[in-house]
Amino acid sequence: MSFLQPSGTIIDLGVNIDHVATLRNARGTQYPDPIRAALLAEQAGADCITLHLREDRRHIKDADVIALAPKLLTRMNLEAAVTQEMIDFACKIRPADVCLVPEKRTEVTTEGGLDVVGNYNAVERAVKQLQAEGIRVSLFIDAEAEQMDATAAVGAPVIELHTGRYADTEGAEQTAELERIYRGVLHGVSKGLKVNAGHGLHYTNVQAIAAIPEIAELNIGHAIVAHSVFVGWENAVREMKAIMVSTRLGRGAQ
Ligand SMILES: CC(=O)[C@@H](O)[C@H](O)COP(=O)(O)O
Ligand SMILES: NCC(=O)COP(=O)(O)O
């Protein structure tokens, strides 16, 4: 496909530290410290730190967000559900970015994109409240034109396309998902949106997504935490960033 041509455009890596907190919470210890992981990830090449304060606090806790905010050298991308509790909390923290994501208590991980069309008024209220605090708002959505059109209408300048189905499929199904994402990226750009992507990306499926030149940022967490078990945290971050950048520059996987 044409998007596989090297473009040399910049692509940012947002490192999601949720599952460093998962490991910490497994025993109720203070280690591994997600704040230390975030600062080391920045030194290893992360362009931003993403963390998801879930309503059930299964991994990231309020205290993690509060402790990390003043220490970050890059920028915080706080993921949160569209609830008054989370929007009020985000407005107190005032991260550079807030990404509004859907949440179901019973889900193992995020299962789909935010239904902006079906929750338009609530999303619009949240976007306006966050933007009044100077926060840039991103909506985590599936690569569907109507969701992107609603995102533009509600005034959010950024979308993050859910790559979960692409990550969970293979062969012709995965190729179809990749084409759907590519068409979604082009539609999002045509609506004037900054287009990011994330969920389920890892060291051998990230290349095809990173090769799409109009994608500005990838948010990746679970795979980096998993890989760090074998290569170390900073190396895992460096390797992912190197794959993304070399893909963009057309040098193939390094
Ligand atoms: C929105 C998304 O895809 C992830 O950033 C999110 O953090 C997934 O939730 P878990 O980290 O709890 O799996
Ligand atoms: N929004 C996606 C994200 O932050 C990380 O998702 P994953 O890589 O942990 O699946």
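The values are calculated or read from the model by the stated rules, or taken from the named source; none is laboratory data. What you see is a predicted model; the values in this text were computed from it and never measured. When we count neighbours, we look across all protein chains shown, and the Cβ atoms used for this are built from the backbone with ideal geometry, even at glycine. Only protein heavy atoms, including side chains, enter the accessible area calculation; ligands, DNA and RNA are left aside. Shrake-Rupley method; radii C 1.70, N 1.55, O 1.52, S 1.80 Å.
Just one residue in the set Gly192, Gly171, Gly200, Gly188 is open to solvent by 30 Å² or more (accessible area, probe 1.4 Å), among the small types (Gly, Ala, Ser) and touching a helix residue (DSSP H, G or I) at 6+ places or on another chain (Cβ under 6 Å); that residue is Gly200.
From the list Leu72, Leu23, Leu39, the lone residue that is among the hydrophobic types (A, V, I, L, M, F, W, C) and more than 24 Å from Val229 (Cβ to Cβ) is Leu72. If you check Asp149, Asp115, which single one turns out to be surrounded by 15 or more Cβ atoms within 10 Å (Cβ to Cβ), modelled with pLDDT of 95 or more and farther than 17 Å from Glu79 by Cβ? From the options Asp149, Asp115, the qualifying one is Asp149. Does Leu161 satisfy the criteria of being touching a Phe, Trp or Tyr at 6+ places or on another chain (Cβ under 7 Å) and aliphatic (A, V, I, L, M)? So Leu161 fails the test.
Residues in the range 49-108 that are among the β-branched types (Val, Ile, Thr) and open to solvent by 20 Å² or more (accessible area, probe 1.4 Å) were compared, and the one that is nearest to ligand 1 (Cβ to nearest atom) is Val108. Scanning the range 9-31 for residues that are near ligand 2 (Cβ under 10 Å from one of its atoms) and assigned to a strand (DSSP E or B), we see that the one that is farthest from Ala211 (Cα to Cα) is Asn16.
When residues in the range 63-95 are screened for being free of Cβ contacts under 8 Å to residues at least 40 places away in the same chain, part of a helix (DSSP H, G or I) and either among the basic types (Lys, Arg) or within 12 Å of His52 (Cβ to Cβ) (or both), 3 of them pass. Does Gly112 count as part of a loop (DSSP other than H, G, I, E, B), free of Cβ contacts under 8 Å to residues at least 40 places away in the same chain and of a type outside the set (A, V, I, L, M, F, W, C)? Judged against the criteria, Gly112 is not a match. Is it true that Thr74 is within 16 Å of ligand 2 (Cβ to nearest atom) and among the polar types (S, T, N, Q)? Yes, satisfied. Quick check, is Ala210 over 14 Å from Ala38 (Cα atoms) and touching a residue at least 60 places away in the same chain (Cβ under 8 Å)? In short, yes.
So which residues in the range 12-32 are among the aliphatic types (A, V, I, L, M), surrounded by 10 or more Cβ atoms within 10 Å (Cβ to Cβ) and more than 12 Å from ligand 1 (Cβ to nearest atom)? Hits for the range 12-32 are Leu13, Leu23. When the range 161-196 is filtered for residues that are within 16 Å of ligand 1 (Cβ to nearest atom) and either charged (D, E, K, R) or more than 23 Å from Gly221 (Cα to Cα) (or both), the ones remaining, listed by number, are Arg165, Asp168, Glu177.
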